[in-house]
Amino acid sequence: MASLVHSSALSCSRATAALAPLPSRGDCRALNNGGLRTDLGLCRHKSNLPLLRRTRCDAFGNVRAQAMSVGVETKIASKADVGESSLQFVKYHGLGNDFILVDNRKSSTPCISPEAAAKLCDRNFGVGADGVIFVLPGINGSDYTMRIYNSDGSEPEMCGNGIRCMAKFVAELEGITESRSYKIDTLAGLIVPKLMDDGQICVDMGTPILEAKKIPTTLEPTQDGAVVKAPLVVAGRSWNVTCVSMGNPHCVALLDANEDVYSLPLAEIGPLFEKNEVFPAKTNTEFVQVLSPSHLRMRVWERGAGPTLACGTGACALVVAAVLEGRAERDCLVELPGGPLQIEWRESDNHVYMTGPAEIAFRGTAYL
Ligand SMILES: N[C@H](CCC[C@H](N)C(=O)O)C(=O)O
């Protein structure tokens, strides 16, 4: 599938700079020695997007000293280059955990397939994202329904950063600017994000699930039916893991106090946890350094998405795990590679509350 992305963020830079005299085709070819196609007298920006007009490109396809016009309505984009259908989307992120959001309110099923979603998530040939989130009509009294596909096309039950982004997106669709809560139905049950006056979103993430077979894991329970500090050998090391579900499965490995979480070979060990046989539905895995009883530092390897800059359900799961292991208080600052989340596992109602940001990045049209 040729996927060309027209991004208004790019096209809005259309004519900001005074156009220098156009180089001849040769200049473009000579400058553009990255083997990029210029047979139509056009450079292609490094993102492989066609530029409307010849322009100076450096060897890496970077546009230089010229405004660039980018878009699928380019005259050269033949039908062969552009698929038959397009998809309007808005790109949001929660601490760098980024998502393509789609207004799907007219139907109760996602408008594109998991395979198409995976292609859109490709960071070279698509929009690039950790997942695609669809806003569907509410059911059983909820305001909306959230469905999400990971960047590998798999469908998880829930996404913490994603539901904060969805709350912001829905408020934009409705033209809401004041603080309000939404009841959002998910495969993990009813989740309630609240837009706060300060722009943050506080989400009632519901109750953590600890029963081993409901994680699910085949690890033997160690504490009241839960898997707490259980040994699991991965990559030749025996880890102590605690398993928590926030609707989606999490394997939490709390490190010794003096071990730097950024010293771990995440790319090597992440997949070995994700696809480990003791997790029949695979798992998200959080590696945690306890800086203090109320300050935890984490890295994550996500099921179906790999290393991400943040994982909201993971941050919730790790606070529950750290409390169960007696290493943290119930209200913690969780430091993720993309930024901080405030997580509270409230004793009064056994619910976990997550507070953090959600930011819009750009709007666009994707061609499928
Ligand atoms: N990859 C996760 C879903 C996204 C979770 C994460 N991005 C979050 O913010 O909670 C899974 O397959 O369970």
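The values are calculated or read from the model by the stated rules, or taken from the named source; none is laboratory data. It should be emphasised that the depicted structure is a prediction, and the values quoted were computed from it without experimental measurement. Positions of Cβ are backbone-derived with ideal geometry, glycine not excepted, and every protein chain shown enters the neighbour counts. When the accessible area is computed, the model is the full protein with side chains, heavy atoms only, and any ligands, DNA or RNA have been set aside. Shrake-Rupley method; radii C 1.70, N 1.55, O 1.52, S 1.80 Å.
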For the stretch 82-146 and the stretch 238-285, what is the separation of their Cα centres, given in Å? 27
Which of the peptides 246-253, 223-230 is most tightly packed, and how do the rest follow, judged by the mean count of other Cβ atoms within 10 Å per residue? 246-253, 223-230
Compute the accessible area per residue over the stretch 212-350, keeping the other protein chains in place, probe 1.4 Å, unit Å². 39
Cα gyration tensor shape for the stretch 87-206, rounded if a/c is under 1.5, else prolate or oblate: prolate
Sites Ser86 and Asn140 - FRET efficiency at Förster radius 35 Å, r taken between beta-carbons, to 0.05: 0.60
Under the rule rounded for a/c under 1.5, else prolate if a/b exceeds b/c, else oblate, using alpha carbon gyration tensor axes a ≥ b ≥ c, the stretch 212-350 is classed as rounded
Run the numbers on the stretch 308-368 and let me know its relative contact order in percent, using alpha-carbon pairs under 8 Å that are six or more apart. 27
Find the accessible area per residue for the stretch 107-192; the probe is 1.4 Å, ligands and nucleic acids are left out, and the unit is Å². 39
Loop-located chymotrypsin sites (Phe, Trp or Tyr not before Pro) in the stretch 97-153 whose Cβ has at most 14 other Cβ within 10 Å (DSSP): none
Whole-percent carbon and sulfur contribution to the accessible surface of the stretch 192-250 (1.4 Å, no ligands, DNA or RNA) stands at 50
Once label points are set 7 Å from the Cα along Cα→Cβ at both Asp256 and Leu187, what is their separation, rounded to one decimal in nm? 3.9
Ranked packing of 279-286, 323-330, 335-342, most packed first, by mean Cβ within 10 Å: 279-286, 335-342, 323-330
Inter-label distance for Asn240 and Glu329, nm, one decimal - labels placed 7 Å from Cα along Cα-to-Cβ: 2.2
Equivalent-ellipsoid semi-axes (√(5λ), Cα gyration tensor) for the stretch 146-252, whole Å, largest first? 33, 14, 12
Within the stretch 95-202, list the GluC sites (Glu not before Pro) lying in a DSSP loop whose Cβ has at most 14 other Cβ atoms in a 10 Å radius. Glu178
Additional length obtainable on full extension of the chain from Glu157 to Leu291, 0.36 nm per residue less Cα span: 45.2 nm
